[in-house]
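Chemist: Provided herewith is a single structure, encoded as C-alpha cells, for subsequent inquiry.
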Amino acid sequence: MRHSGFRNSAVVAAVAVAAPCFLGSAANAQTVSDRVLSDVTTQTVGDCSTLAIRFQGRIQLLSSFPETHGRQLSIRLRLLDDAGVTGRESLRAPTGASAVRSIEFDNDAASGPTLSLLFRRDMQFRVTAGRDPDVLLVTLSELGASACTG
C-alpha cells in the first residue's frame, strides 16, 4: 500500500513538472504555417462594402475575372512567401457583407494560385492590392449602383 502511495506522488510530481510546458506552449501563439488564408474583415460605408482578405504571407495580384461585375470573381495571385502549401481552403463569409456566399483559395489550380469569391446575386466589384503586402481588397456594391465608384 505504501508503494502505491509513492507511485501516486511520482505521478503528481511528473504532472506538476510537465504542466508549465503545456501551458506555456498554449499561451505562445505561433504563425499558422499550413494555411495561406488568414482572415477577412469588412468595412461598409453607405452601400459600398470593402473586404480586406489577409494572407499568411506576401502576395502579388496578377489578374481578376470578370473585371467589374458578376456572381463569381476569380483572382489569380502569386504567393511571394510560398511555403509549399498545397490544396484548397476557405474563409467563413463575413457577416458585414451578406452578398458573399463563399471565399475559397485553391493553390493547386491549373492557372496558378486562385482566390474565388461567390456571391448570392450579381454584384459590382473592384479588386486592388492593399497597403500591406499580405492584404487584398475587394470593393462590392449592388449591380448598377454607383456606391463604390471613384
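Laboratory data are not the source of any read-out in this text; all were calculated from the coordinates shown. The model shown is predicted, which means the values in this text are computed figures rather than measured ones. In this analysis, Cβ positions are derived from the backbone assuming ideal geometry, glycine residues included, and neighbour counts consider all displayed protein chains.
Chemist: Pairs of Cα atoms under 8 Å, at least six residues apart: use those to get the relative contact order of the stretch 49-98, whole percent. Intermediate results must be reported in sequence, preceding the final value.
Modeler: Details: 39 pairs, mean separation 17.4, N = 50.
Relative contact order for the stretch 49-98 comes out at 35 percent.
Chemist: Provide the net charge surrounding VAL138, with neighbours chosen by a C-beta distance below 13 Å and charges set as Lys +1, Arg +1, Asp -1, Glu -1.
Modeler: Numbers: positive: ARG54, ARG126; negative: GLU67.
Charge balance in the 13 Å sphere: +1.
Chemist: Around VAL45, with a cut-off of 15 angstrom between Cβ atoms, what is the net charge of the other residues, counting Lys and Arg +1 and Asp and Glu -1? Write down the numbers at each step before the final one.
Modeler: Details: positive: ARG126; negative: ASP47, GLU142.
Value of the local net charge: -1.
Chemist: Moving to a separate point now. What nm distance separates the two modelled labels at ASP39 and ARG121, each placed 7 Å from Cα along Cα→Cβ?
Modeler: About 3.0 nm separates the two model spin labels.
Chemist: OK, next. So between SER111 and SER90, what do we pick up on full extension, going 0.36 nm a residue minus the alpha carbon distance? Mind dumping the intermediate values first?
Modeler: On the way: separation 21, 0.36 × 21 = 7.56 nm, distance 1.83 nm.
Taking SER111 through SER90 to full extension adds about 5.7 nm, to one decimal.
Chemist: Within the set of other residues whose C-beta is less than 11 Å from the C-beta of ARG71, count the net charge using Lys and Arg as +1 and Asp and Glu as -1.
Modeler: Details: positive: ARG101, ARG120, ARG121; negative: ASP122.
For residues surrounding ARG71, the net value is +2.
Chemist: Still on this structure, please answer the following. Give, in nm to one decimal, the length gained when the segment between LEU143 and SER98 is fully stretched (0.36 nm per residue of separation minus the Cα-Cα distance). Write out the running numbers ahead of the final one.
Modeler: On the way: separation 45, 0.36 × 45 = 16.20 nm, distance 1.43 nm.
Extending this stretch completely gives an extra 14.8 nm.
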